[in-house]
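Structure record follows, encoded as C-alpha cells.
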Amino acid sequence: MKFQKFNLFFLVTALFLGCSKGPSTAELYSLKAEMYIRSGETESAQKALNTALSDNPEFIEAHILQSKVYVLENKVDKAIEQLEKARGINAKDLDVLYSLGFLYTRKNEFDKALSIYNDAISVNPDTSLGYNNLAVAYHSKKEYKKAVENYKKAVKIDSAFVEAYYNLGNSYAMLGNFQDAINSYNKSVELDPKYTNAYAELSSVYGKIGNSAEAGNNVGLYYFWKNQYEQAVKAFQDVVKAHPEHAVAYNNLAVSYDKLGDREASLSNLKKSASLGYPPAMDICKKNNIAF
C-alpha cells in the first residue's frame, strides 16, 4: 500500500523573513538541526535541538525536527512523543497531524491514525492528501469500502494524484472489484508511465481474471519502465508466443528492442504490430514509408 507521507522538513529560514530583529536561539539552532538532518548527522542535529528546546520548549518546529531525528534512529515511540508535544502547542498544525497519523499507522494503531487524519481534514477540508492517508488507514484495517470512499474523495480533489489512484486500485482488488481495480491502476500509469508498482498489480489482477495475455504484457511493462530491457523483451516474447495476435505486445517488443539498439528486431516487431492493426504502430510505419 502506497502511503503519501507529509514532508516533515520545511525551510526554517522562512521564519526569519520580515523580522526586524535577528532569529532567536531556538530558531537558529533548529535551522542548524535541519541542515544536520539533511546530511545525516543525527548526533549534531540532536545537540542543536537540545539547545533550541532549552531556549524555547514551546518552539513547535524544534519538536517536529526532533521527531524526525527519532524516526531516523527508528525510535518511533519517542518520535510520537515529540509530535504529541507539538500537537499540544498547536492542535491545528498540519505538519504535526500528518506526521503523527503516519507514525500511528506505521505502529498499526489505526484508530488513532484515523482520528488524527480526521482532525487534519477538519483543519483543511480541501485536502487530497488527508483523504488519501485516511483511506490508507481504513485499508490497513481491512475496511476496504471506506478506503474506496476516501480515495475517491482524494482524486476528486486532485485528479492527478497518482498514488491515490494506485491505492484505490488496491482497495478495489481486495473487494474483488477487478475491473474497477484495473481502471484505477491504468489511470495511475496514464498519469505516470514510470509508476511501476501499478504494472505489477495489473499483472496480478489480470491473472486473477484469467487474462494471461495482459498479465504477461504488464510484466513486460514493469521491466521496461525499470529500464530492464532484456527482461522486458523476454516477457513480451512470452506473450506473443502464447498469443500471436497480441498487437500491443509486438509493439512493446519493438520499443524494447529499440532501447537495446537492435534495429532489425525492432522494425520486424513494429511491422508485425502494424499488420495486426495496432494504430500507433500503423501511424509510425505510414509516416516513415515502412511497408507492413
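The values are calculated or read from the model by the stated rules, or taken from the named source; none is laboratory data. Keep in mind that what you see is a predicted model, and the values were worked out from it rather than measured. Here the Cβ is made from the backbone with ideal geometry for all residues, glycine too, and neighbour counts use every protein chain on show. To get the accessible areas, we keep the full protein, side chains included, count just its heavy atoms, and leave off ligands, DNA and RNA. Shrake-Rupley method; radii C 1.70, N 1.55, O 1.52, S 1.80 Å.
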Determine whether A173 is open to solvent by less than 10 Å² (accessible area, probe 1.4 Å), part of a helix (DSSP H, G or I) and either in contact (Cβ under 8 Å) with a residue 24 or more places away in the chain or within 20 Å of L191 (Cβ to Cβ) (or both).
-> no
Hey, L97 under 23 Å from G40 (Cα atoms), modelled with pLDDT of 95 or more and either part of a helix (DSSP H, G or I) or touching a helix residue (DSSP H, G or I) at 6+ places or on another chain (Cβ under 6 Å) (or both) or not | no
Looking across segment 241-267 at residues that are among the hydroxyl-bearing types (S, T, Y) and under 31 Å from the mean Cα position of the chain (by Cα), the single one that is farthest from Q231 (Cα to Cα) is Y250
Quick one: would you say V233 is over 20 Å from N186 (Cα atoms), assigned to a helix (DSSP H, G or I) and open to solvent by less than 60 Å² (accessible area, probe 1.4 Å)?
-> yes
Within segment 268-278, can you find the residues that are open to solvent by 40 Å² or more (accessible area, probe 1.4 Å) and under 26 Å from Q228 (Cα atoms)?
-> S268, K271, K272, Y278
Taking segment 1-53 and the residues there that are open to solvent by 50 Å² or more (accessible area, probe 1.4 Å) and among the small types (G, A, S), the one that is modelled with the lowest pLDDT would be A14
Is it true that E163 is without any contact (Cβ under 8 Å) to a residue 60 or more places away in the chain, acidic (D, E) and in a helix (DSSP H, G or I)?
-> no
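Results for (1) open to solvent by less than 60 Å² (accessible area, probe 1.4 Å); (2) small (G, A, S); (3) modelled with pLDDT under 95, shown as yes or no for each residue.
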| position | (1), (2), (3) |
| --- | --- |
| A91 | no, yes, no |
| L134 | yes, no, no |
| K141 | no, no, no |
| Y151 | yes, no, no |
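Please enumerate the residues belonging to segment 188-215 that are part of a helix (DSSP H, G or I), closer than 14 Å to H246 by Cβ and out of contact with any His (no Cβ under 8 Å at 6 or more places or on another chain).
Y206, E214, A215
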Residues (loosely packed, with under 14 Cβ neighbours inside 10 Å and among the charged types (D, E, K, R)) located in segment 67-83 | E73, D77
Is there a residue being at pLDDT 90 or above, acidic (D, E), out of contact with any Lys or Arg (no Cβ under 6 Å at 6 or more places or on another chain) and closer than 16 Å to R106 by Cβ anywhere in segment 54-77?
-> yes
The listed residue being open to solvent by less than 30 Å² (accessible area, probe 1.4 Å), part of a helix (DSSP H, G or I) and under 18 Å from I64 (Cβ atoms), out of Y185, Y104 = Y104
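Against the definition (under 26 Å from A113 (Cβ atoms), among the hydroxyl-bearing types (S, T, Y) and open to solvent by 60 Å² or more (accessible area, probe 1.4 Å)), how does S159 come out, yes or no? Before you say what the answer is, go through the steps one by one.
Working: under 26 Å from A113 (Cβ atoms): yes; among the hydroxyl-bearing types (S, T, Y): yes; open to solvent by 60 Å² or more (accessible area, probe 1.4 Å): yes.
Yes: the conditions hold for S159.
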Kindly indicate whether any position in segment 231-240 is basic (K, R) and over 21 Å from S266 (Cα atoms).
-> no
